[in-house]
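Have a look at this one before I ask anything.
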Amino acid sequence: MASKQQHDEFTRLMTRVRQCTVCQSELPQPPRPVLAASPDSRIIVIGQAPGIVAHDTAMPWNDRSGDRLRNWMGVDRETFYNTNLISLIPMGFCFPGYKNGADAPPRKECAPTWHHLLMANIQPELVLLVGRYAQQYYCKEYRTLTFGVEKEAQKDSKFMILPHPSGRNNRWLRNNSWFEASVVPQLKSRVADLLSA
């Protein structure tokens, strides 16, 4: 558990993150970084970027994708949003708008500006890289997300790579049934072990 000094430093860091305007001119709406984090978290979930519902409610993963992700992890909403246990940090902190009828990719400025500071202060035991953008940033060695999901699940690693739980990936889930058959149970077990420690 972090000391009072570490908590105070982290609070100052989060204040800076929440006031970030580095890509303001590129956003469809005023900046509103959406993340939830604590230096005490044992798990970090690194996703893509908040959707419009998460933006409007200032709550990460507050949508059907979040429901599916929580199911994969085997946790309820109360546990998922308890930052003493789980930090929720996207690749892009603000809603990026839409592109070709879907959410636009996360802004590229956020991760190199803030992630190293957040990760250095949290030091989790498990990092869930959710989707291709997080995988490409943290585990560049995998040529495809599918390969990364499969290979990282076979290792005793701090990272687990997951497909994004969006309904847009339903075809991927159908075509890769091994994910829900073998990786999801492993994920649930690791999460349960860490949260009960």
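What follows is calculated from the coordinates using simple rules that are stated; it is not laboratory data. Computed from a predicted model, the values in this text were never measured in an experiment. Every residue, glycine among them, receives a Cβ derived from its backbone with ideal geometry; neighbour counts consider all protein chains shown.
Counting only residues that are farther than 23 Å from Ala2 by Cβ and touching a Leu at 6+ places or on another chain (Cβ under 9 Å), which one in region 101-134 is surrounded by the fewest Cβ atoms within 10 Å (Cβ to Cβ)?
Among those residues, the one meeting the criterion is Arg132.
On to the next question. Which members of region 72-83 meet the condition of being among the hydroxyl-bearing types (Ser, Thr, Tyr) and outside any loop (DSSP other than H, G, I, E, B)? Please lay out each step first, then the result.
First, the residues of region 72-83 that are among the hydroxyl-bearing types (Ser, Thr, Tyr): 79, 81, 83.
The answer is Thr79, and nothing else.
A further question on this structure: Cβ-Cβ under 6 Å, sequence separation 6+ or interchain: first residue in region 171-186 and in contact (Cβ under 8 Å) with a residue 40 or more places away in the chain, partner in a helix (DSSP H, G or I) and surrounded by 15 or more Cβ atoms within 10 Å (Cβ to Cβ). Which pairs?
The qualifying pairs are Val184/Trp72.
Suppose we filter region 51-91 for residues that are farther than 20 Å from Gly167 by Cβ, of a type outside the set (A, V, I, L, M, F, W, C) and crowded, with 24+ Cβ neighbours inside 10 Å; how many remain?
1
Another question about this same structure. Evaluate the following for Gly92: is it touching a residue at least 60 places away in the same chain (Cβ under 8 Å), closer than 21 Å to Asn121 by Cβ and in contact with a helix residue (DSSP H, G or I) (Cβ under 7 Å, 6 or more places away or on another chain)?
So Gly92 does not fit the description; no.
Testing Gln5 on (1) under 19 Å from the mean Cα position of the chain (by Cα); (2) outside any loop (DSSP other than H, G, I, E, B); (3) not basic (Lys, Arg), one condition comes back false. Which one is that?
(1)
So which residues in region 18-39 are surrounded by 15 or more Cβ atoms within 10 Å (Cβ to Cβ) and either more than 16 Å from the chain's Cα centre (by Cα) or among the polar types (S, T, N, Q) (or both)?
Across region 18-39, the qualifying residues are Cys20, Cys23, Leu27, Pro31, Arg32, Ser38.
Just to be sure, is Val149 in contact with a strand residue (DSSP E or B) (Cβ under 6 Å, 6 or more places away or on another chain) and more than 30 Å from His7 (Cα to Cα)?
Spelling it out, Val149 is indeed in contact with a strand residue (DSSP E or B) (Cβ under 6 Å, 6 or more places away or on another chain) and more than 30 Å from His7 (Cα to Cα).
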